[in-house]
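Enquirer: Starting off with a structure, shown below.
The values are calculated or read from the model by the stated rules, or taken from the named source; none is laboratory data. Just so we're clear, the structure is a prediction, and the values are computed from it rather than from any experiment. When we count neighbours, we look across all protein chains shown, and the Cβ atoms used for this are built from the backbone with ideal geometry, even at glycine.
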């Protein structure tokens, strides 16, 4: 019952439509999967890094380099995910690369032990309320049409991407069109500065759930100042890279809500620690998305089923982003998506589909 080799699979998938944020437009995804193969089972992990270092300093080719050059040589035939996290702590940052390897190791071990990731993490829900992230649209009319379509599909919460010049009036139009009862939040992806505080305060009139990451990720003190000037709850995303950063942000009052993205914080073990911290402090959390295919989406659903995830996340249906997912698709039913609860992450890639998407496969033998 040992790990025999690890495969790094590179692939490509198109999005069903362009996804625009304040830092750029995505029309496809360069994919990187970590595939752990043992004598008795296998495990899969998905790297969530983008093709370019725009959302974070990590990017998919860089993650490939870090994984193959530094992380895989650490792996031993009997290594657990917990042991890997300790070994990989010698490598600074590179959380998305680490998360992909950790997830594959977790999936492998949990499949062997016949335990689901949801059970392992302590999930209390069998399905998760699903929100949807709406990219910046060319016109207000297109935005309203897009939001209407997602509401018709049953999504229970709408998140609008915003940037300077495409914010207040866009949010106003959506709120007026769909009413005060619709759960609505905005995401700036660090597009503003503390000098925009009075402008961002204009969002208070729209009864938003939260403003996500309004200021640059390094500016925790700016978020403290902003929290005093804006009535809408401030949620941190890009800023939260570790348990220690999350604890500090809560302690100084930089946020009152946290978006936990496993790839951004180094994996599901660290995500669980941040979740538990937030529960102990009374801070709501929700699970953000990085346009994951079914492998990453399955693991995110397991995390989002923990009790502290009281706000709808971005774990949308597969069809939100892809015509053909790499796994069996996740489907929205009455505003919810079922949490996989078989063994491991609960899904495997469809071999023919993954092969058609793949551009490169590299095998690394685990020999020590």
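Enquirer: What number of residues within the range 354-364 satisfy the criterion of being surrounded by 11 or more Cβ atoms within 10 Å (Cβ to Cβ) and either in contact with a strand residue (DSSP E or B) (Cβ under 7 Å, 6 or more places away or on another chain) or not assigned by TED's automatic domain parsing to the domain that holds residue 46 (or both)?
Expert: 7
Enquirer: Given the criteria assigned to a loop (DSSP other than H, G, I, E, B), touching a residue at least 24 places away in the same chain (Cβ under 8 Å) and touching a strand residue (DSSP E or B) at 6+ places or on another chain (Cβ under 6 Å), does residue 255 qualify?
Expert: yes
Enquirer: Filter the helices (runs of 4 or more DSSP H) completely within the range 258-359 down to those with at least 2 residues that are out of contact with any helix residue (DSSP H, G or I) (no Cβ under 9 Å at 6 or more places or on another chain) and farther than 30 Å from residue 220 by Cβ.
Expert: In the range 258-359, 351-357 are the helices (runs of 4 or more DSSP H) which contain 2 or more residues that are out of contact with any helix residue (DSSP H, G or I) (no Cβ under 9 Å at 6 or more places or on another chain) and farther than 30 Å from residue 220 by Cβ.
Enquirer: How many residues are assigned to a helix (DSSP H, G or I) and touching a strand residue (DSSP E or B) at 6+ places or on another chain (Cβ under 6 Å) when one looks only at the range 147-170?
Expert: Final tally of qualifying residues: 2.
Enquirer: How many of the residues in the range 226-246 are surrounded by fewer than 16 Cβ atoms within 10 Å (Cβ to Cβ), assigned to a helix (DSSP H, G or I) and in contact with a helix residue (DSSP H, G or I) (Cβ under 6 Å, 6 or more places away or on another chain)?
Expert: Going through the range 226-246 one residue at a time, the tally reaches 1.
Enquirer: For the range 117-128, what are the residues that are part of a strand (DSSP E or B) and surrounded by fewer than 21 Cβ atoms within 10 Å (Cβ to Cβ)?
Expert: Going through the range 117-128, the residues part of a strand (DSSP E or B) turn out to be 127-128.
Correct list: 127 only.
Enquirer: Yes or no: residue 191 assigned to a loop (DSSP other than H, G, I, E, B) and assigned by TED's automatic domain parsing to the domain that holds residue 268?
Expert: Criteria met by residue 191.
Enquirer: Moving to a separate point now. Residue 181 - would you say it is under 23 Å from residue 316 (Cβ atoms), out of contact with any strand residue (DSSP E or B) (no Cβ under 7 Å at 6 or more places or on another chain) and in the same structural domain as residue 135 (by TED's automatic domain parsing)?
Expert: yes
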